[in-house]
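Down below is the structure, laid out as structure tokens.
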Amino acid sequence: MMKNTLVACFLVLSLTACASSSSSQQKNLTADEYAYLGVQAEKKAQYHQALDFYDQSCQKDNADACFLAGALYEKKIPQQRNEMLSYFTKACDANQAAACYGLGNIYRLGRGVEKNYQKSVQFYQKACTLNDYDACTNLGTMYRLGLGVRQNSEQSNVLFIKGCQGKSNVGCFNLAQSYELNIGVKKNLSTAKEYYGKSCDLGYQKGCDLYKQLKQKGIK
């Protein structure tokens with residue numbers, strides 16, 4: 001009986017020591033290691049634990065982890081907008097393109113904040129400069145519609161070209177419309193068909209539909 005008690009005590013002490021050691025090691029992880037643990041926790045739907053790991057990584061200046069924390073708040077805890085904005089802003093300040101793009105969307109759509117097209121344009125511009133091609137496309141749309149910036153169809157097409165070259169399917173689609181509808185460029189249905197086709201190849205159904213329409217009309 002005494003032996004069993006001693007063995008049990010030894011096991012408890014060993015497990016406690018291991019847990020203590022594991023906790024101590026966890027406090028000394030690198031930013032990338034914390035981010036990895038966050039990704040794994042998020043895959044298991046352990047969202048609060050994931051946020052804790054992302055936050056630890058973000059505090060160590062991992063901009064990608066800051067973005068992941070903000071994105072997780074946006075997807076799973078949308079009522080905590082201030083937290084989401086805080087993480088996205090920190091990431092964008094560190095030149096994390098997707099975070100800047102996210103902020104552009106937030107201010108364009110008024111998600112938890114007052115709509116502000118000027119701010120949206122600023123964030124899209126920064127994200128586009130950092131080669132987020134969907135941001136280039138959205139910025140092009142802002143120029144086309146004159147939202148938060150002086151309307152400029154030619155500049156919108158320049159941005160759509162960059163977006164399309166970066167495989168933004170909507171960028172290719174918008175550029176096709178420019179050529180079909182004579183928006184900032186000379187009307188050219190063949191070129192419009194080409195860009196509708198590219199949009200379709202990138203998975204945009206509207207591009208497929210309009211490509212078929214032009215093809216049925218005999219446009220080469």
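The values are calculated or read from the model by the stated rules, or taken from the named source; none is laboratory data. None of the values given here were measured: they were computed from a predicted structure. Glycine gets a Cβ as well: all are built from the backbone with ideal geometry, and neighbour counts include every protein chain shown.
At a glance:
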| item | result |
| --- | --- |
| Unmet requirement for GLN177, which otherwise passes all of (1) of a type outside the set (A, V, I, L, M); (2) buried (at least 22 other Cβ atoms within 10 Å of the Cβ); (3) closer than 18 Å to GLN205 by Cα | (2) |
| Wholly within the range 115-220, helices (runs of 4 or more DSSP H) carrying at least 2 residues that are touching a Leu at 6+ places or on another chain (Cβ under 6 Å) and under 23 Å from ALA91 (Cβ atoms) | 117-129, 133-145 |
| Candidates GLN80, GLN118, filtered to the one that is among the polar types (S, T, N, Q) and at pLDDT below 95 | GLN80 |
| Qualifying residue in the range 199-206 (condition: closer than 24 Å to TYR107 by Cα and buried (at least 18 other Cβ atoms within 10 Å of the Cβ)) | no |
| Residue within the range 105-113 that is touching a helix residue (DSSP H, G or I) at 6+ places or on another chain (Cβ under 7 Å), without any contact (Cβ under 8 Å) to a residue 24 or more places away in the chain and farther than 23 Å from ASN62 by Cβ present | yes |
| LYS90 vs. criteria assigned to a helix (DSSP H, G or I), basic (Lys, Arg) and modelled with pLDDT under 95 | no |
| Lone unmet requirement of (1) among the basic types (Lys, Arg); (2) crowded, with 19+ Cβ neighbours inside 10 Å; (3) in contact with a Phe, Trp or Tyr (Cβ under 8 Å, 6 or more places away or on another chain); (4) farther than 30 Å from SER199 by Cβ for ARG108 | (4) |
| Qualifying residues in the range 47-82 (those that are of a type in the set (Asp, Glu) and part of a helix (DSSP H, G or I)) - the one farthest from the chain's Cα centre (by Cα) | ASP52 |
